[in-house]
Amino acid sequence: MIYYFFLVISIALVITALLSIYFRDLLAAIVSYAVFSLVLTVLYFLLDAPDVAIAEAGIGAALTTCIFVIAIRMTRRREE
Amino acid sequence: MSAIILYITFVLLFTMGLFALIFKRNLIKIVIALNILDSGMNLFFITLGYRHNATAPIFTLLPWDTHITMVLPTPQALILTNIVIGFATTALMLGVAILTYRNNKTLDTRKLRGVEEL
Amino acid sequence: MRLISVVAIVVIFGFIFVGILHLHPIGEPVGNPRILYERPPLGIDTQGVTIMDDYFLRNGQVETGSNNIVASIVFDYRGFDTLGEATVLFIVVSSISMLFFTFLKSKSIVSAGVPRARQFPRIESRIITFGAFLMYIMILSFGIYLVVHGHVSPGGGFQGGSVMASATALLLISFYITRHMQRTRKIFSFFESLGLTIFIGMGFAGIGISFLYNFLAHGTTVFGKIIPFGPNPGYLISAGILPWLSLAVGIEVFFGLSLILVTLFHASGVKNNL
Amino acid sequence: MHEFELEYLNWIPLLWVCVFLIIMVLFIIIGKIFFRDDFDEMSEQGLPFYSGTSNKMLQLITASNLYWGFKHTLQSYFNSLNRLFISNLGDFIQWFIIIVAIMLLIITGALM
Amino acid sequence: MIKHVPVLLVAIPLVVAFMLPIIGMVNRTIRTITAGVAIVIIMVLSYLLIQDVMICKKIFYYMVGSPDPTALFEHGLTFPIRIALKIDQFSLLFIIMATTLSFLFYLFSSQYIEENERKNYFTVLYVCMVAGMMGMLIANDLFTFFVFLEILSISSSALVSFRTERKHPPYAGYKYMFVSSIATSFFLLGIAFLYAQYGSFNIDYLKKVMDGTVLDKIAIVMLILPLAMKCGVVPMHMWIPDTYSEAPAPISSMVKLGSLICLYGLFRIAFTFGSHVYVSYELGILFILFGVLSMFVGVTQALIQKDVKRLMAFHAVSQVGYMLLGVGVGLSVIKSGDASFAIYGKIAMIGGLFHVINNALYKGLLFLTSGIMVRHYKTRDLNVMHGLAHYDKFTALVFMIAALAISGIPPLNGFVSKLIIYESVFHYNPLLTLIAIFVSVLTLASFMKVFYSAFLGMPPERKPVEQPILVKFSMVILSIIIVAIGLFPQGIIKLLIEPAVNALATF
């Protein structure tokens, strides 16, 4: 039963990773990277790794996205 | 046998990250690709240590009657380290990308090729 | 030239895929999944232990006294990696404040002619400031819970510290304080070094036997409560130096990450009209 | 494991120092014999005499064209080198990926 | 107390690094002194070990955090549990080199880098870099090696972009970090494959347990090539000139020292895992190929440079080629049945390792002198520089010693190790020696170019400023060591290099 979860989450992971690489507008790329990180947190929770899930959520989703947004604010938003 | 999907996602993430690293030109997009590569590595380590119908390696408030077998704990301890290393690399590369933008007014690697002609 | 690299990536993809087919199927790792609860009390059980992980699962609770085996590995069995880990974070924090030093020293925050209020759009609405204040208290307490209960429930120094740092991010966004940046950065840097010196001080405290040795764990009065094997409600004072190390790493990660955020917020606020 | 022979290395270190000193002494003696005391190093005499152009900067063979002959003959080699290693950021690891692919093929014997 | 030395080598610099921000707030001179004292302590500790490790052939094991640190296995198990640290002859050779040189470069940088608020962070990152190097040298555990490799990369990439106000240093720091993080990701993939099969990270345990499956071969390739990239082997070397030329002078020598420590990791993994996966012959050929390519391409690109630091960076690439050639010949014949290893294989490895030590010495000195030249002329372009020797005789003399050493002129140490490499590689294949000699000639030609254009010619417009005392002191010490090794090579080989080769080549 758990394999269907794995299947769905894997597809979501690959799609969000593709989107975050494909988007020319950097802000959209970073939002899709945050979604990627969130889905990864859910997958870690399903793989019985709660410590890593909290760490990925705290550092991966929250702070990395925050730093990316600051970086875009100080440089250019459109990818030339 | 459909659990191999997790290994397949790792390989896909790894090659996607590699592909974007080589062919993308924006400095911040390269940092995102590096993060995806690193998250793929973390996912691979955790799937190495996963066991079927086993619980997380924490003994607090586990019901006594079930047959306790646990997931391997060492990959999780190492992934904690690797997530913080990934964050550290991102923070440093973004800081340096901001400074290159401030000095050279561009984030495109083609335009930044000034000095290295030979 | 691009075709060659695409072919090379496909070859690497193929090899890793082949390698994975040779790997063990996902559910059955190398170890010996013996059922855990039939075990002699208080002894180190090495019967039928084939790899490192089996040893950790069977004896992690007895040797380190913490329920969370991952925390016992992070802080006791492989504590040297965590020391390296805390150094990596310390290095990034000091390098970010080094790189952005000229940014923050330059007085170009108040660019000529633009009144200060319009330059930093202050959010005046009550909802945000009050809501942020409530959220801040809740996130901070959750972060402290994670740090302190590192060895009992999932969590530990890094996760708790990063949750608390996201609380400072919330504070920075909602209140946008840029006046006392210089002093806050000095205080944060001081506490971060303090947390790290506590961490490595704990490591040196056990130098009589060996570096990072868990000298408080085995039955000493303060933090050495001996816990029964198997599922138990979890005792706060049971894991020797683990709670101290987790607290030290929590302090260091919280002040380090919020120092990064404060520096970058301050730098992004500077109108770089250079 | 017989003692490997590195005997060509145990020269007498004093030998080098003595040879060096002897040469220095010879220089000083020859210098003393042929030295002209009215020579003033810092004045116009000290500067090297260049025939041909009077423009000072032109006479100095600058560093970049000191080995122009070497560069000229191997121009095709350097051009191909530049084409292979244009230092765009992606190219740094492009070669790394290619080397990893080749070595994987060789080491795991899939090539043969 | 002596049994705790392996961990103290890392713990002491880390303690000082953690306390430096607090000390830096209080007083600047105390901060510089404490950082210097920390590096001196670990230097003295490594000298204390020479007696036990090199002469009595004792190997220091240390399990961090276990009740009995020197015991290999706990509670009668057959596999190690905690993190194992190990100092044997091979790693002690590199520890001595790393500590001595980082102390000398620290002396140079304490007065070369201008004294302002940022110097606080510079010292912290410098001491963390030294701790990273020490951690890599003593780690007997693949994941600890990975963590300290990451510490070294992050701290050196932050230091490379120290001059943030100029145009190119931040981008050079970005490139270095970009290259290092990809290398560490591939390295981690190799560790993951090994952990999946054998459940442990300990190098000695893996050496016993490993059998040549396909996964092990893939893991070996994934472990070796990232380290080769960080050492600057030719096809993957283009990031080195950009990084070394933009970094401040002592940092480019420290980054060069860091790449030599990655070379140590490369040899350690190639020799321990190579024969167990039956690929040591292919790895030897790979090293020789990398060596020859690096030698030739590095020097030809260096000859036509007009930027003095880029020229020296390309020479760093070509010198790594010599080491790889020497050790590659040793590795490729180590498993061959006949006694050829005993005849020339071991001598080639001795030559290779000796060249590592010599190269670290004179390449560091060259980067330091180039820093002084660039600071005086305010530009790195050789066409503009002329006549520094008229006023600054000291730098000219030191540069002369280092340039003669790198091109292998007899009384100095470059000649000694190159002679051993020529001698032994000739038995293996005479063509390699011809290429090596030709490259050495080109090295001499390019350094004559630098000396001619920077030091001779018309006197410069303004008089060069007098260098501070510590800057001159560290350069004098370096040149004394170079001349001493050049005159008395047998002592160094007997005491340090030969036991290191025995430790590396035993199976």
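Evaluate the following for B:Arg51: is it within 7 Å of another protein chain (Cβ to nearest Cβ) and among the charged types (D, E, K, R)? When the stated conditions are applied, B:Arg51 passes them.
Could you tell me whether E:Lys58 is assigned to a helix (DSSP H, G or I) and of a type in the set (D, E, K, R)? Criteria not met by E:Lys58. For region A:34-50, filtering for residues that are within 12 Å of chain C (Cβ to nearest Cβ) and part of a helix (DSSP H, G or I) leaves 4.
Among all residues of region E:365-372, there is none that is among the hydroxyl-bearing types (Ser, Thr, Tyr) and modelled with pLDDT under 90.
Apart from one condition, E:Val279 fits all of (1) more than 18 Å from the chain's Cα centre (by Cα); (2) in contact (Cβ under 8 Å) with a residue 12 or more places away in the chain; (3) surrounded by fewer than 23 Cβ atoms within 10 Å (Cβ to Cβ); the exception is (3). Per the listing E:Gly408, E:Gly352, the residue uniquely within 30 Å of E:Ile334 (Cα to Cα) and not in a helix (DSSP H, G or I) is E:Gly408.
Please specify each residue of region B:14-29 satisfying the condition of being among the β-branched types (Val, Ile, Thr) and surrounded by fewer than 22 Cβ atoms within 10 Å (Cβ to Cβ). Break it down stepwise before answering.
Residues of region B:14-29 that are among the β-branched types (Val, Ile, Thr), as a first pass: B:15, B:22, B:28.
Residue satisfying the conditions is B:Thr15 alone.
Is there a residue in region E:317-340 that is β-branched (Val, Ile, Thr), out of contact with any Leu (no Cβ under 7 Å at 6 or more places or on another chain) and without any contact (Cβ under 8 Å) to a residue 12 or more places away in the chain? No, the conditions are met nowhere in region E:317-340. Picking from residues in region E:178-194 that are at the interface with chain C (Cβ under 10 Å from one of its Cβ atoms) and touching a residue at least 24 places away in the same chain (Cβ under 8 Å), the one that is farthest from E:Met136 (Cα to Cα) is E:Phe193. When region E:145-172 is filtered for residues that are more than 19 Å from the chain's Cα centre (by Cα), crowded, with 24+ Cβ neighbours inside 10 Å and facing another protein chain (nearest Cβ under 7 Å), the ones remaining, listed by number, are E:Ser161, E:Pro170, E:Tyr171. Screening region C:201-254 for residues that are within 14 Å of chain B (Cβ to nearest Cβ) and of a type in the set (S, T, N, Q) and picking the one that is surrounded by the most Cβ atoms within 10 Å (Cβ to Cβ) gives C:Ser246.
Whether any residue in region B:58-66 is in a helix (DSSP H, G or I) and buried (at least 24 other Cβ atoms within 10 Å of the Cβ) is what I want to check. Show your work before the answer.
Of all residues in region B:58-66, those in a helix (DSSP H, G or I) come to none.
No, region B:58-66 contains no residue that is in a helix (DSSP H, G or I) and buried (at least 24 other Cβ atoms within 10 Å of the Cβ).
Screening E:Thr272 against (1) closer than 23 Å to E:Val130 by Cα; (2) away from chain D (no Cβ under 14 Å); (3) not hydrophobic (A, V, I, L, M, F, W, C) leaves a single unmet condition, (1). One residue alone among C:Val30, C:Val6, C:Val70 is part of a helix (DSSP H, G or I) and surrounded by fewer than 23 Cβ atoms within 10 Å (Cβ to Cβ), and that residue is C:Val6. Applying a threshold of 6 Å to beta carbon distances and a minimum spacing of six or more residues, or different chains, the list of pairs starting in region E:63-79 at a residue that is closer than 18 Å to E:Leu206 by Cβ and ending at one that is modelled with pLDDT under 80 reads E:Leu77/C:Thr46. Of all residues being out of contact with any Phe, Trp or Tyr (no Cβ under 9 Å at 6 or more places or on another chain) and within 13 Å of chain C (Cβ to nearest Cβ) in region D:68-98, which is nearest to E:Lys175 (Cα to Cα)? Just the residue, please. So, considering only residues that are out of contact with any Phe, Trp or Tyr (no Cβ under 9 Å at 6 or more places or on another chain) and within 13 Å of chain C (Cβ to nearest Cβ), the one nearest to E:Lys175 (Cα to Cα) is D:Asn88.
For E:Lys418, the criteria (1) under 26 Å from E:Met458 (Cα atoms); (2) within 19 Å of the chain's Cα centre (by Cα); (3) not polar (S, T, N, Q) hold in every case but one, which is (1).
Applying the criterion of being of a type in the set (Ser, Thr, Tyr) and facing chain E (nearest Cβ under 7 Å) to the residues of region C:71-91, the residue that is nearest to A:Val52 (Cα to Cα) is C:Tyr77.
Select, from B:Leu99, B:Leu112, B:Leu94, the only residue that is buried (at least 18 other Cβ atoms within 10 Å of the Cβ), within 7 Å of another protein chain (Cβ to nearest Cβ), assigned to a loop (DSSP other than H, G, I, E, B) and touching a helix residue (DSSP H, G or I) at 6+ places or on another chain (Cβ under 8 Å). Full working, then the answer.
Numbers: B:Leu99 fails: assigned to a loop (DSSP other than H, G, I, E, B); B:Leu94 fails: assigned to a loop (DSSP other than H, G, I, E, B).
Exactly one residue qualifies, and that residue is B:Leu112.
Taking the condition in contact (Cβ under 8 Å) with a residue 12 or more places away in the chain, within 18 Å of E:Val471 (Cβ to Cβ) and in contact with a Gly (Cβ under 8 Å, 6 or more places away or on another chain), does E:Tyr362 pass?
On the way: in contact (Cβ under 8 Å) with a residue 12 or more places away in the chain: yes; within 18 Å of E:Val471 (Cβ to Cβ): yes; in contact with a Gly (Cβ under 8 Å, 6 or more places away or on another chain): yes.
Spelling it out, E:Tyr362 is indeed in contact (Cβ under 8 Å) with a residue 12 or more places away in the chain, within 18 Å of E:Val471 (Cβ to Cβ) and in contact with a Gly (Cβ under 8 Å, 6 or more places away or on another chain).
Right, A:Leu19: more than 29 Å from C:Thr263 (Cα to Cα), assigned to a helix (DSSP H, G or I) and not aromatic (Phe, Trp, Tyr) or not? Yes; evaluated as a whole, the condition is true for this residue.
Among the criteria (1) under 27 Å from E:Ala247 (Cβ atoms); (2) crowded, with 24+ Cβ neighbours inside 10 Å; (3) not hydroxyl-bearing (Ser, Thr, Tyr), the one E:Ala348 does not fulfil is (1). When region C:95-149 is filtered for residues that are among the polar types (S, T, N, Q), modelled with pLDDT of 90 or more and more than 27 Å from E:Asn120 (Cα to Cα), only C:Ser141 remains.
Within region B:2-13, the presence of at least one residue that is buried (at least 24 other Cβ atoms within 10 Å of the Cβ) and within 20 Å of A:Val31 (Cα to Cα) is confirmed. Suppose the filter is within 25 Å of C:Ile200 (Cβ to Cβ), at pLDDT 75 or above and surrounded by fewer than 24 Cβ atoms within 10 Å (Cβ to Cβ); does C:Glu63 pass it? Considered against the rule, which asks whether it is within 25 Å of C:Ile200 (Cβ to Cβ), at pLDDT 75 or above and surrounded by fewer than 24 Cβ atoms within 10 Å (Cβ to Cβ), C:Glu63 comes out as yes. Restricting region E:368-393 to residues that are surrounded by 18 or more Cβ atoms within 10 Å (Cβ to Cβ) and of a type in the set (Val, Ile, Thr), the residue that is nearest to the other protein chains (Cβ to nearest Cβ) is E:Val374. Out of E:Asp204, E:Asp216, one residue alone is touching a residue at least 40 places away in the same chain (Cβ under 8 Å), surrounded by 22 or more Cβ atoms within 10 Å (Cβ to Cβ), of a type in the set (Asp, Glu) and more than 8 Å from every other protein chain (Cβ to nearest Cβ). It is E:Asp216. Pairs, please: C-beta under 6 Å, at least 6 apart or cross-chain, first residue more than 15 Å from A:Ala12 (Cα to Cα) and free of Cβ contacts under 8 Å to residues at least 40 places away in the same chain and in region B:1-24, second of a type in the set (Lys, Arg) and outside any helix (DSSP H, G or I)? Matching pairs, first to second residue: none at all. Being under 26 Å from the mean Cα position of the chain (by Cα) and within 14 Å of chain C (Cβ to nearest Cβ) is the requirement here; does E:Val26 meet it? The answer is no for E:Val26. Being in contact with an Asp or Glu (Cβ under 9 Å, 6 or more places away or on another chain) and at pLDDT 80 or above, is that true of even one residue in region C:45-54? Checking region C:45-54: not a single residue is in contact with an Asp or Glu (Cβ under 9 Å, 6 or more places away or on another chain) and at pLDDT 80 or above.
The values are calculated or read from the model by the stated rules, or taken from the named source; none is laboratory data. Keep in mind the model is a prediction, meaning the values are calculated, not measured. Glycine gets a Cβ as well: all are built from the backbone with ideal geometry, and neighbour counts include every protein chain shown.
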